[in-house]
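Here is the structure we will look at, set down as structure tokens.
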Amino acid sequence: MLELHDAEEIPVGADLLATNAKAALHNREHFLGHGVYVLNLMSGPGAGKTTLLERTLDALAPRYRLAVIEGDVQTRHDADRIARHGVPVHQINTGGACHLDARLVHQALDHFELGALDALIIENVGNLVCPAEFDLGEHDKVMVLSVTEGHDKPQKYPVMFHAARALLLNKMDLLPHVDFDVAYAERAARALNLDLEIFRVSARSGEGLDAWYRWLEARIGKAQRHLDH
Amino acid sequence: MHEASIAEALLEQIAEAALRHGARRVVGARVAVGALSAVEPQALAFAFEVMRAGTVAAACELVIEERPLVVSCAACGHSGPQDPREPGCPRCQAVPVSVVSGRELCLVSVDVEDDDARAT
């Protein structure tokens, strides 16, 4: 006689981000092996990541060997802007995906000689939700939030604020024109992330950027000292 | 929007589990999605339904367990659920609090069956 077997429940307990985590670990081994500091720059669309990056490259390029990976859904606009600053750049187009993942970054690494770099900056796809979930193997996640976006963003998008090591409050030059409560935003962000470094800046006017450069230089220096030991 | 990537990873994990247990079909899968995981359950269910065709999970029913945020407060000792949009302790308002659960994003279990009816 024929009998259909009942389904059997099997416990699994597998992290759904494990595949990406494995690829990120592989990237991290590359970065640590070459003593290159890697920063994952994240924000919503239009917060000013690329302008900030252009300023930062001009300030640090005389003393550090820098390179950039640009992530966008489509176009090379950002890579073209970065290339004008004389820095090696590779554009990743995700073709619809809302974030970079570790595998995409790994493929992009073929375009650089990591041993000849001090720091690699990855500009993630503009999005306040998804990029935070995908470890790229970077040393630090840094977030940009502009004052035109609203001070309740840390509460609305807690995952990203929780993951970041530093937060740049950008477009401070526009503060008189918007209802952005700086203290509220900072308190909400620190409630999620006690050790978060916060910089009030304007990538357009240059206000506040020196403190950000000094922090970044210290982070690059720390990554390189690890290589020496 | 990254639920498609998550659904892809889910299908990979289901296929692996099926392979490990020599199962031909996976008819059910239980997934835990924490309130802080940045995954929208409905979007995940939709992506899964579209992407499962032609895989070992083609007829798999997905059960999504939403896990609430649970925090514990070092200041007052309170431990309990909290609204993910609210920072701090729900009792004494102290910040920060530590997250006890709510970050989960995992495949908890699968229901497998052999494809063939067996003679007994």
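Tell me, what is the percent relative contact order of chain A, built from C-alpha pairs under 8 Å that lie six or more residues apart? Each step should come with its number before you reach the end.
Values: 420 pairs, mean separation 56.6, N = 229.
The normalised contact order for chain A reaches 25 percent.
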Could you work out, residue by residue across A:13-25, how many beta carbons of other chains sit within 10 Å of that residue's beta carbon, and then give the average as an integer? 5
From the P(r) of segment A:124-229, can you give the percent of Cα pairs sitting at distances over 18 Å? 51
Dipole size in debye (nearest 20) for chain A around its Cα centre, Lys and Arg Cβ +1, Asp and Glu Cβ -1? 960
Burial-style ranking of A:33-44, A:195-206, average other-beta-carbon count within 10 Å with highest first, yields A:33-44, A:195-206
Among A:V36, A:V68, A:S202, which residue has its Cα positioned farthest towards the positive end of the charge dipole of chain A, with +1 placed on the Cβ of Lys and Arg, -1 on the Cβ of Asp and Glu, and the dipole taken about the Cα centre? A:S202
Positive-end residue of A:H177, A:H90, A:P45, charge dipole of chain A with Cβ unit charges: A:H177
Using only alpha carbon pairs under 8 Å that are at least six residues apart, calculate the relative contact order of segment A:75-160 and give it in whole percent. 29
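With the cut-off at 27 Å, tell me which of the pairs A:K22/A:K141; A:K22/A:K156; A:K156/A:K222; A:K49/A:K222; A:K171/A:K222 have Cα atoms farther apart than that.
Values: A:K22/A:K141 18 Å; A:K22/A:K156 29 Å; A:K156/A:K222 33 Å; A:K49/A:K222 24 Å; A:K171/A:K222 29 Å.
Too far apart for the 27 Å limit: A:K22/A:K156; A:K156/A:K222; A:K171/A:K222.
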Whole-angstrom gap from segment A:50-119 to segment A:131-210, using each part's C-alpha centre: 21
Full-extension gain between A:R63 and A:D15, please, as 0.36 nm times their residue separation minus the C-alpha to C-alpha distance. 13.2 nm
Note the buried accessible area between A and B here, summed over both chains, with a 1.4 Å probe, in Å² to the nearest 100. 3100
Quick one: length gained pulling A:R204 to A:R76 fully straight, 0.36 nm per residue minus the C-alpha distance? 43.9 nm
Computed for segment A:140-186: size of charge dipole around the Cα centre, +1 on C-beta of each Lys and Arg, -1 on C-beta of each Asp and Glu, debye to nearest 20, value 220
Run the accessible area of segment A:76-229 with a 1.4 Å probe and give the carbon-and-sulfur part as a rounded percent. 47
Ratio of chain B's C-alpha Rg to 2.2 N^0.38 Å, to two decimals? 1.36
Compute the distance in nm between two label points, each set 7 Å from the Cα along the Cα-to-Cβ direction, one at B:A75 and one at A:E197. 2.7
Relative packing of B:15-26, B:38-49, A:99-110, which averages over residues the other C-beta atoms within 10 Å, highest first: A:99-110, B:38-49, B:15-26
Sticking to Cα atoms, compute the Rg of the protein assembly as shown to one decimal and its Dmax as the biggest Cα-Cα distance, whole number, in Å. 22.7, 82
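The values are calculated or read from the model by the stated rules, or taken from the named source; none is laboratory data. Computed from a prediction, not measured in an experiment: that's the story for all the values here. Positions of Cβ are generated from backbone atoms using ideal geometry, with glycine treated the same way; all protein chains shown enter the neighbour counts. Calculation scope for accessible area: heavy atoms of the full protein, side chains included, ligands and nucleic acids excluded. Shrake-Rupley method; radii C 1.70, N 1.55, O 1.52, S 1.80 Å.
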